[in-house]
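The values are calculated or read from the model by the stated rules, or taken from the named source; none is laboratory data. Predicted model only: the values in this text are computed from it and were never measured. Backbone-built Cβ (ideal geometry, glycine too); neighbour counts: all protein chains shown.
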Amino acid sequence: MRLALNLGYWGSDDTRDHVELAREAEQLGYSSVWAAEAYGSDAPTVLTWIAAQTTSIDVGSAVMQIPARTPAATAMTAATLDTLSQGRFRLGLGVSGPQVSEGWHGVRFADPLGRTREYVDVVRAALARQKLTYNGRHWQLPLPDGPGKALQLTVRPHREHIPVYLASIGPKNLQLTGEIADGWLGVFHDPEDPVALGHLTTGRRRAEATLDGFDVMPTVPVVVGADVAACADPIRSYAALYLGGMGSRTTNFYNQLAVRMGFEAAAAEVQALFLDRQYRAAAAAVPMEFIDRTSLIGPVERIAERLHAYAAGGVTTVSVLALTGTLDDRRHILRSVVHAVDAAGLAG
């Protein structure tokens, strides 16, 4: 089992901590470090900063938002980052949500599956340094009846193939991920629930492939300590934000995921409280069972035991999200997970 580090979003006070955590992860043998973007800092700039101050760990976007850039611009960024990092970049993509897509980027959210498929097609064609021509529903290159011409990427990526990961939650999007991507960026994943892996497998079959070599990588919040219930508390606000605040009352993919996992009543309560700005009450309403099924909490021995479920459930990389604490606290979490992997006999 491989380990990755998810840094989440960057804030103005996080620069030193992000670099130090990335260096710590590199020294501990983590395979990759990932940065996110929403409507604050962008992922590529953060990853470039980290890549410049590390030597071997891969850097990945979790995610670069599809509505934020043309596919050609994303290909340019991916090629540049891969070259500057000497072949260490992984391209994670996602459609974001309707509020960010339409409210921040001014891009209609309709047909996210079709837009994702075409976007990946164009990105890969550009990275392969083909003359860029495409006739799709969402992208037409060059534009018809205009002066545009088919152009070719002028720089060569360090590698012939830059891995593409997709962040997906719903059944059809999971199947698309298995079909066209090299890896899956999961969230709130229960390793003992076979549904997500089943959808990914269906997609792989469409591509006449298997899950061999496909990276199943959920982001997993981790809190280490003797008191399991106390370890769950720092995760409550994080879970409440996603179940209650990431999206509208009618369109929240994380809330819908919790419903499919069997937490319909709790998901509705968390969302109602969060949208009513009762944030503490919303956090308190997140069920302990939901946190335990989707996180690694407690002493190292308990985490080691739980990691067996991740391995048995087809997870190939655990992306560690150290939510709270000082820099030293988060370093301790990174080290503790390595000890847990060793104790579980899952070290690669």
Residue in the stretch 84-98 that is part of a helix (DSSP H, G or I), touching a residue at least 60 places away in the same chain (Cβ under 8 Å) and buried (at least 24 other Cβ atoms within 10 Å of the Cβ) present: no
Residues located in the stretch 236-253, provided they are under 23 Å from VAL223 (Cα atoms) and in contact (Cβ under 8 Å) with a residue 60 or more places away in the chain: TYR238, MET246
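Of the residues THR210, THR177, THR250, which single one is of a type in the set (S, T, N, Q), surrounded by fewer than 18 Cβ atoms within 10 Å (Cβ to Cβ) and assigned by TED's automatic domain parsing to the domain that holds TYR39?
Testing whether each residue is of a type in the set (S, T, N, Q), surrounded by fewer than 18 Cβ atoms within 10 Å (Cβ to Cβ) and assigned by TED's automatic domain parsing to the domain that holds TYR39 leaves just THR210.
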Test result for ALA126, more than 22 Å from VAL220 (Cβ to Cβ), at pLDDT 95 or above, more than 18 Å from the chain's Cα centre (by Cα) and crowded, with 23+ Cβ neighbours inside 10 Å: yes
Residue check, TYR279 crowded, with 20+ Cβ neighbours inside 10 Å and either free of Cβ contacts under 8 Å to residues at least 24 places away in the same chain or not assigned by TED's automatic domain parsing to the domain that holds LEU321 (or both): no
Output for the stretch 284-326, where each listed residue is among the small types (Gly, Ala, Ser), buried (at least 16 other Cβ atoms within 10 Å of the Cβ) and more than 22 Å from the chain's Cα centre (by Cα): ALA285, GLY298, ALA304
Selection status of ILE297, β-branched (Val, Ile, Thr) and assigned to a strand (DSSP E or B): yes
Cβ-Cβ under 9 Å pairs, at least 6 apart or on other chains, the stretch 301-314 side in contact (Cβ under 8 Å) with a residue 24 or more places away in the chain, far side loosely packed, with under 14 Cβ neighbours inside 10 Å and in a helix (DSSP H, G or I): ALA304/ASP342
